[in-house]
Amino acid sequence: MGTLESSRVEVGPGDALLIVDVQNDFMPGGALGVTDGDEIVPLVNHLVRQFHALRLPIIFSRDWHPEAHCSFVEQGGPWPPHCVQGSSGAQFCPAVHVPEDAIVVSKATDVEEEAYSAFQGTGLDVLLDQKGVSRLLIVGLATDYCVLASARDALERGLEIVVLEEGVRAVNVRPDDGQRALQELRKSGAQILRAA
Ligand code: VGL
Ligand code: ZN
């Protein structure tokens, strides 16, 4: 057992850490840069170190699109091309520590299907089940898309959810999309915590 200094959450067996899409293209200056997305990196690294020391599962999701993915503007989708498989923009932000034994889950890999959730088509639910995970701590990018969709899916699958507010940032196509996403998750039973 250990306490996360940053939030006074007690973590132990049954807990896992899900880090959503901390990829270059979602960092400021990236193809789909999230404002202040880089500010979450110190907290992410702190959590990674702590979960690693406790030998608890650490999952990194990544947006992993084929070229000409349906979500790209040229294909009629809403987004500029981003996170194309194998590109530098799709790499994890180099400032983020990815342990060798971390589990990497790739999503939205089908050219004709958008997938914001780390559970969509990845088998993540089975994997968490096998590892006896009952609660997921979620941080990453972006609050209003992939964090929201992943947390929703986790709640639907009966997992407990903790989202650390300092560990997420939003795209905010509408200015308060991020806050709305957290509000929805709170109403659905997720714990939304601020650092102490
Ligand atoms: C995401 C928009 C498009 C995300 C992915 O990771 O939140 N947002 N693709
Ligand atoms: Zn995407």
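Among the residues of region 42-73, those identified as within 14 Å of ligand 2 (Cβ to nearest atom) and not aromatic (Phe, Trp, Tyr) are Ser61, Arg62, Asp63, His65, Pro66, Glu67, Ala68, His69, Cys70, Ser71, Val73. Filtering region 156-188 to residues that are without any contact (Cβ under 8 Å) to a residue 60 or more places away in the chain and within 15 Å of Leu137 (Cβ to Cβ) leaves Leu159, Glu160, Ile161, Val163, Glu165, Leu182, Leu185. Might you check whether a residue that is in contact with a helix residue (DSSP H, G or I) (Cβ under 9 Å, 6 or more places away or on another chain), in contact (Cβ under 8 Å) with a residue 12 or more places away in the chain, of a type in the set (Val, Ile, Thr) and within 14 Å of ligand 1 (Cβ to nearest atom) occurs anywhere in region 102-109? Checked region 102-109: at least one residue is in contact with a helix residue (DSSP H, G or I) (Cβ under 9 Å, 6 or more places away or on another chain), in contact (Cβ under 8 Å) with a residue 12 or more places away in the chain, of a type in the set (Val, Ile, Thr) and within 14 Å of ligand 1 (Cβ to nearest atom). Just the residues that are in contact with a helix residue (DSSP H, G or I) (Cβ under 6 Å, 6 or more places away or on another chain) and either assigned to a loop (DSSP other than H, G, I, E, B) or under 30 Å from Val11 (Cα atoms) (or both), please, taken from region 81-92. Within region 81-92, His82, Cys83, Gln91 qualify. Do we find that Val34 is of a type in the set (A, V, I, L, M, F, W, C), at pLDDT 95 or above, in a loop (DSSP other than H, G, I, E, B) and buried (at least 21 other Cβ atoms within 10 Å of the Cβ) in this structure? Yes, satisfied. Within region 45-66, the only residue that satisfies the criterion of being open to solvent by 30 Å² or more (accessible area, probe 1.4 Å), within 14 Å of ligand 1 (Cβ to nearest atom) and under 14 Å from Ala102 (Cβ atoms) is Arg62. Screening Ser61 with (1) in contact with a helix residue (DSSP H, G or I) (Cβ under 6 Å, 6 or more places away or on another chain); (2) outside any loop (DSSP other than H, G, I, E, B); (3) under 19 Å from Asp15 (Cβ atoms); (4) among the small types (Gly, Ala, Ser) gives one miss only, at (1). Restricting region 1-24 to residues that are open to solvent by less than 20 Å² (accessible area, probe 1.4 Å) and within 14 Å of ligand 1 (Cβ to nearest atom), the residue that is farthest from Leu164 (Cα to Cα) is Gln23. Selection of region 64-79 for residues being touching a strand residue (DSSP E or B) at 6+ places or on another chain (Cβ under 7 Å) and outside any strand (DSSP E or B) yields Trp64, Glu67, Ser71, Val73.
You will find that of Val96, Val133, Val111, the residue that is within 16 Å of ligand 2 (Cβ to nearest atom) and either over 14 Å from the mean Cα position of the chain (by Cα) or not charged (D, E, K, R) (or both) is Val111 and no other.
The values are calculated or read from the model by the stated rules, or taken from the named source; none is laboratory data. Because the structure is a prediction, the values reported are computed rather than measured. Cβ coordinates were reconstructed from backbone atoms using ideal geometry, including for glycine residues, and neighbour counts include every protein chain displayed. What goes into the accessible areas is simple: the full protein's heavy atoms, side chains included, and nothing from ligands, DNA or RNA. Shrake-Rupley method; radii C 1.70, N 1.55, O 1.52, S 1.80 Å.
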